């Protein structure tokens, strides 16, 4: 197979869509976890909120694309306001436990609120978007759509990284008291970052539901959180280009496993093992540099 | 409705005993190391699966199987502490959180690969016949669970409060440099405490295997439940945590057992309750139910 054929094959397009999806998800986590050093374990919960909002609206109410996506983004944002209201009062270990508890409440609801989410059976038959007469069931067209959104998200987040908001977030992570003494509103800045990060995760969730046409709670388990966390850590927290590179690298990395002669039941755990191993390796390798010592004034 | 109350109380005592065993180890190691060990539930899971391997698959009798699985878990605990926790303690408080999450994921995927993802349980022929006592049904196994938990927690209390190891643990928790200056080997104490905590966890895991069933993904939810007990009692406070574990068992059982104004909650929501408790306590009483407000530098 020559290169052109390979790059336009269905498989390559599928991978490109995954990369675009995880670019949105990982870069938005990079805002809170990387820049703000807030150990947000509920990011995948926001992603789930977005995915379920789109799935339910498009199957039950047959809402059009723009409505679904707007509602998903807003609901995930609202979720972040709720989460931030509780978790951002806490610090360090408590913050991690709080966000973990929050994401567990969401997954317990996804599994048990059967009248709404259909539980572990998941929601099938989510239609692809439809507008301007373009056929988004063609993966090429869907790639173009998600590509545009991924690019817009990256531009938006880059602007945020270099904006005063990004600088305040960095300053709060480095030396909270000094930043607060200089008039930074700790709670407000972090809540805004949380809101933006979570809304974008909702956007990614919306595209995830559209792309797979089917969602169930297992897609939003803690292992997914570990994967997104691995992307941000491999790319270096707070580094914009690093996270883009890491997303491409880590989405493509487990793919050769597909071509080995492995029982498909082992595929999921092996991918998980690979990600967790890389996560540990990178943290081990960079343990003195990853989260820099707070500067002394 | 009130007629099932005694049964619910006994059930809460059983669940509470298992949670207490699981969370007291976590509280002990948190009190000393100030590291939240996300992999604690996964270590429980490993305890249960090594016992399954020796007792059920290799058909060893109870005692040798227990000895072999304890040896495995002790080795695992020592490796976990030396590779996944100690090297990262100095750099940033975030890093051990990440590495223990990675460790948990690694253990979970390894068990999924070697034992499969299906639910397993231990055969317990004689222990399954219930004894009726004043309208309350209880199996000999459950009596064993409760009494062994009380004995083990009593021994733990004796160790912490009356032995020289316990004094060293408390000295290091209070002021590490001063304790080291007086010739206490903090490395030795940390390894001992961490290994005790893994053994307690593994024992709780085996009890879970006898009382209900085990699967590779149980680790995450037991970690969170142990956190819930710890948050209830105040982080690092062992007696508070044990009380928290029994309260958690009580709330879980009452929440699904009783009906509220003719409306009863489905059993699936039991887990969600644990997580909601964490959030409520974090919000209202972050120092734990039994903690006092203190200012640390």
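Every read-out reported here was derived from the displayed coordinates using simple, explicitly stated rules and does not represent laboratory data. Values in this document were obtained by computation on a predicted structure and should not be read as measured data. Cβ: placed from backbone, ideal geometry, glycine included. Neighbour counts: every protein chain shown.
Points worth noting:
- Set of region A:123-145 residues, backbone N closer than 11 Å to the point 7 Å along the Cα-Cβ line of residue A:59: A:123-127
- Averaged over the residues of A:269-275, the number of partner chain Cβ atoms lying within 10 Å of the residue Cβ comes to 5.
- Computed E for residue A:78/residue A:11 - FRET, C-beta separation, R0 35 angstrom, nearest 0.05: 0.40
- Each helix, a run of at least 4 DSSP H residues, gives -39500 (n - 2.57); summed and divided by the residues of chain B, these come to -22500 deg cm²/dmol at 222 nm.
- Rounded to 10°, Cα long-axis angle of helix B:186-211 versus longest principal axis of chain B: 10 degrees
- Proportion of all alpha-carbon pairs of region B:80-229 beyond 27 Å (%): 41 percent
- Label point distance in nm, residue A:239-residue B:212, each placed 7 Å from Cα along Cα→Cβ: 4.3 nm
- When B:218, B:230, B:44, B:89 are arranged by Cβ crowding within 10 Å, least crowded first, meaning fewest neighbours, the order is B:89, B:218, B:230, B:44.
- Residue exposure sequence - B:141, A:121, B:283 - by fewest surrounding Cβ within 10 Å: A:121, B:283, B:141
- Test item: B:110-116 mean partner chain Cβ contacts at 10 Å: 4
- Compactness of region A:1-117 as Cα Rg over 2.2 N^0.38 Å, two decimals: 1.29
- What the Cα atoms of region A:10-218 give is an Rg and a Dmax of 17.6, 55 Å.
- Over all pairs of different C-alpha atoms in region A:87-210, the reciprocal of the mean inverse distance, the Kirkwood hydrodynamic radius, equals 17.8 Å.
- Rounded tilt (10° steps) of B:62-79 against the dominant C-alpha axis of chain B: 40 degrees
- Region A:47-71-region A:213-283 distance, computed between alpha-carbon centres (Å): 26 Å
- As a proxy for reagent exposure, B:144, A:227, B:246, B:114 were ordered by neighbouring Cβ count within 10 angstrom, fewest first; the result is B:114, B:144, B:246, A:227.
- Per-residue shielding of A:102-115, expressed as the average number of other chain Cβ atoms within 10 Å of the residue Cβ, stands at 5.
- Chain B: translational diffusion in µm²/s, Stokes-Einstein, Kirkwood Rh over Cα pairs, 37 °C, 0.692 mPa s: 165 µm²/s
- Calculated SAXS-style log₁₀ I(q)/I(0) at q = 0.10, 0.11, 0.12 Å⁻¹ - the protein assembly as shown, Debye, Cα scatterers: -0.90, -1.09, -1.29
- Between helix B:218-233 and chain B: long-axis angle, C-alpha atoms, 0 to 90°, nearest 10: 70 degrees
- Gap separating the Cα centres of region B:202-250 and region B:1-52, nearest whole Å: 3 Å
- A Förster radius of 56 Å combined with the Cβ-Cβ distance from residue A:137 to residue B:182 puts the calculated FRET efficiency at roughly 0.15.
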